[in-house]
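> There's a structure below that I have some questions on.
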Amino acid sequence: MDLCIIGSGYVGLVSGACFAEVGHTVICVDNDLRKIDMLHRGQIPIYEPGLEELVLRNVAAGRLRFTHSIEDGVDNSQIVFIAVPTPPQADGSVDLTYIERVAREIAGVLKPGQYRVVVDKSTVPVKTGEKVDATIRRYNPTAEFDVVSNPEFLREGCAVPDLMKPDRIVVGSASQRATDLMKRMYEPFQVPILVTDVSSAELIKHAANSFLSLKISYINAVSAICEASGADVEMVADGIGMDRRIGRNFLNAGLGYGGSCFPKDVKAFIAISEELGVPFRLLQEVERINAGQLDVFIKKIKDALWVLRDKRIAVWGLTFKPDTDDVRNSVAIELVNRLVAEGAQVTAYDPKGMEKAVEYKLLPASLKLAHSPLEAAEGAEALLLATEWKEFARQDFAAVKAAMHTPLLFDGRNLLNPKTMRDMGFTYHGVGRP
Ligand code: UDX
C-alpha cells in the first residue's frame with residue numbers, strides 16, 4: 001500500500017522504515033529541512049539499534065523516501081499518519097498546536113474524490129481524533145476522509161523490534177472502510193489487532209503508559225520498605241513477578257522513570273482526568289514517589305561523603321535508559337546537575353548520550369566528560385551508576401577500584417552484584433537491597 005507519515009521523529013521515522021520493510025511504499029514528511037537533507041544523505045538523525053540498516057535498505061529498494069512537502073505525501077498515499085510531537089505545557093496538559101497545524105495542512109491539500117485515512121499516531125488526549133476530524137472538515141468541507149486513532153507503543157532503544165513485533169495493534173475507528181484499510185496495512189505484521197472506537201484507542205495509550213509508571217513507582221515504594229527492613233527488592237520483585245497476573249517486567253527499582261513519554265504521559269493523564277471532572281489522584285502519588293527516588297539516592301551519597309562540595313564524583317550514564325542517545329528528561333542528567341549545584345566536581349561518561357547532552361546544553365558548565373568509564377573513575381571519591389548500560393557491568397572493576405581515590409559505589413539501577421563488588425573491596429550501595 002502507499003503510505004505517508006507526517007513527522008520523522010522517533011515514532012514517524014521508525015514506523016516509516018518498518019512499514020517499508022514489510023513491503024509498503026512509504027513517504028516520510030518533515031518540515032525540518034535539515035533533517036530531510038540528512039536523511040537524503042543517508043544519515044539518521046537519531047540513534048536506534050537496527051534503524052540505519054533498515055532505512056538504507058528500504059531507500060535503496062525504492063520503498064522509502066523523504067520530503068518536506070505534505071502535498072507530495074498526501075497526494076501519493078492511501079493512508080496518512082500524523083506522528084508529530086505533542087509536548088507538555090507548563091500545567092501538564094498537552095500542546096496540540098503541531099497536530100492542529102498538520103490537520104489544517106492536510107485539509108489544504110486533499111483533492112476532491114481523493115479518499116484518505118488520516119491516522120493519529122502521536123500520543124494525544126482523548127477526543128483529539130474528533131477535533132482533527134472537525135478541523136479538516138472546517139478547512140475543506142468536501143474532503144473525503146476518516147480519522148483513525150492508532151497509538152504507538154514502541155520503546156526507545158528497541159523501537160525496531162517493538163514495531164516489527166508488537167504485542168498488539170490498536171485501531172480506533174468509526175468507519176468500516178478505514179478499519180478495512182488499516183487491517184490490510186497491518187496484515188504483514190501478523191499480530192493481534194484490537195479494533196475499538198476512537199476515544200477508547202486514545203485512552204489506551206495514556207492508560208498503558210500510566211500503568212507501567214505505576215508499576216515502577218510501586219516497586220520503588222517497596223524498595224524503601226526493603227531498605228527499612230533489610231529485605232532485598234530484587235528478590236521481592238522476582239517473587240511477585242513470577243505470578244503471571246503481575247509479571248516481572250517494569251518492576252526494576254532504581255532512580256525512577258524518565259524519558260520523553262512516562263513523565264509527560266502521566267502528567268497529561270492527570271490533566272485529562274481533571275478536565276473531565278474525575279481526578280486520578282493515584283497518579284499524583286506515582287509522580288511523588290518517582291520524584292523522591294533521586295532525593296533518597298542523593299541522601300545516601302551525602303550520608304557517606306557528608307559534604308559534597310569539592311568531592312570528586314564519577315557518574316556512569318547520562319541517557320534516560322540504556323541503548324539510546326536520548327537524554328531528554330533523564331534522571332541521570334538531573335543527578336549530575338544537582339551534584340554540581342552542591343559544589344561537587346563531577347566527571348561523567350555515557351556510551352551514546354554525551355554528544356546530545358552537550359548539544360542540548362543540559363550539562364552544568366563545570367562538568368567534565370570522560371572518554372571511558374575507567375577515565376571517569378580516575379581519582380573519584382565515589383562512583384555513581386545512573387543508567388544500566390551493559391558496558392558498565394563488563395568493566396574491569398579491579399582497574400576501576402585501583403583508579404579511584406575511595407572505592408565507594410552507588411548503583412542507582414541495581415545493575416551490579418553486591419556480593420561480587422564487596423568481595424572486590426567496594427563499599428556497595430544499591431537501591432532497596434542490603
Ligand atoms: C515508554 C513505553 O514503554 C512505550 O510503550 C511507549 O510507547 C513510550 O514510553 P520508553 O520511554 O522508550 O517507552 O522507555 P521504557 O523502557 O518504557 O522506560 C521508561 C523509563 O522507565 C526509563 O527511564 C527506565 O529507566 C524506567 N524504568 C523502566 C524503570 O525505572 N524501571 C523499570 O522496571 C522499567
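> Which one is nearest to Ala83 (Cα to Cα), of the residues in segment 7-24 that are in a helix (DSSP H, G or I) and away from the ligand (no atom under 16 Å from the Cβ)?
Per the stated criteria, the residue is Gly16.
> What single numbered condition from (1) out of contact with any Ser or Thr (no Cβ under 7 Å at 6 or more places or on another chain); (2) outside any loop (DSSP other than H, G, I, E, B); (3) not hydrophobic (A, V, I, L, M, F, W, C) fails to hold for Gly247?
Of (1) out of contact with any Ser or Thr (no Cβ under 7 Å at 6 or more places or on another chain); (2) outside any loop (DSSP other than H, G, I, E, B); (3) not hydrophobic (A, V, I, L, M, F, W, C), only one is false for Gly247: (2).
> Which residue out of Ala348, Ala344 is small (Gly, Ala, Ser) and closer than 18 Å to His429 by Cβ?
After ruling out the rest, the residue left standing is Ala344.
> Kindly indicate the residue of segment 238-253 that is closer than 16 Å to Asn417 by Cα and within 12 Å of the ligand (Cβ to nearest atom) and also least open to solvent (accessible area, probe 1.4 Å) among those meeting that condition.
Restricting to residues being closer than 16 Å to Asn417 by Cα and within 12 Å of the ligand (Cβ to nearest atom), the top hit is Ala253.
> Among the residues of segment 127-166, count how many are out of contact with any strand residue (DSSP E or B) (no Cβ under 6 Å at 6 or more places or on another chain), within 24 Å of Asn58 (Cβ to Cβ) and part of a loop (DSSP other than H, G, I, E, B).
Going through segment 127-166 one residue at a time, the tally reaches 9.
> Can you tell me which residues in segment 289-320 are part of a helix (DSSP H, G or I) and under 20 Å from the mean Cα position of the chain (by Cα)?
Ile289, Asn290, Ala291, Gln293, Leu294
> Any residue in segment 149-166 that's at positive phi: show its pairings with residues that are open to solvent by less than 30 Å² (accessible area, probe 1.4 Å) at Cβ separation under 6 Å, as long as the two are six or more apart or on different chains.
As it stands, the answer is Gly157/Thr324, since those pairs meet every condition given.
> Identify, please: which residue in segment 349-407 is acidic (Asp, Glu) and over 23 Å from Arg338 (Cβ atoms) and is, among those, most open to solvent (accessible area, probe 1.4 Å)?
Checked segment 349-407; the qualifying residue most open to solvent (accessible area, probe 1.4 Å) is Asp396.
> Got a sec? Which of Val94, Val14, Val80, Val84 is of a type in the set (A, V, I, L, M), touching a residue at least 60 places away in the same chain (Cβ under 8 Å), out of contact with any strand residue (DSSP E or B) (no Cβ under 7 Å at 6 or more places or on another chain) and crowded, with 17+ Cβ neighbours inside 10 Å?
Every option except Val14 fails the conditions.
> Would you tally the residues in segment 254-288 being over 23 Å from the mean Cα position of the chain (by Cα) and in a helix (DSSP H, G or I)? Let's see the steps before the verdict.
Looking only at segment 254-288, we keep the residues that are over 23 Å from the mean Cα position of the chain (by Cα), and these are 274-279, 281.
Checking the rest, the ones that are also in a helix (DSSP H, G or I) come to 274-275, 281.
So the answer is 3.
> Taking segment 399-434 on its own, how many of its residues are more than 31 Å from the chain's Cα centre (by Cα) and farther than 19 Å from Leu374 by Cα?
Selection size over segment 399-434: 2.
> Only one of these conditions is not met by Val198: (1) touching a residue at least 40 places away in the same chain (Cβ under 8 Å); (2) within 16 Å of the ligand (Cβ to nearest atom); (3) within 30 Å of Gln78 (Cα to Cα). Which number is it?
The single condition Val198 does not satisfy is (2).
The values are calculated or read from the model by the stated rules, or taken from the named source; none is laboratory data. Only a predicted model underlies this, so the values are computations on that prediction, with no experimental measurement involved. All Cβ positions, even for glycine, are placed from backbone atoms using ideal geometry, and neighbour counts span all protein chains on display. Protein only, heavy atoms only, side chains kept; ligands, DNA and RNA dropped before computing areas. Shrake-Rupley method; radii C 1.70, N 1.55, O 1.52, S 1.80 Å.
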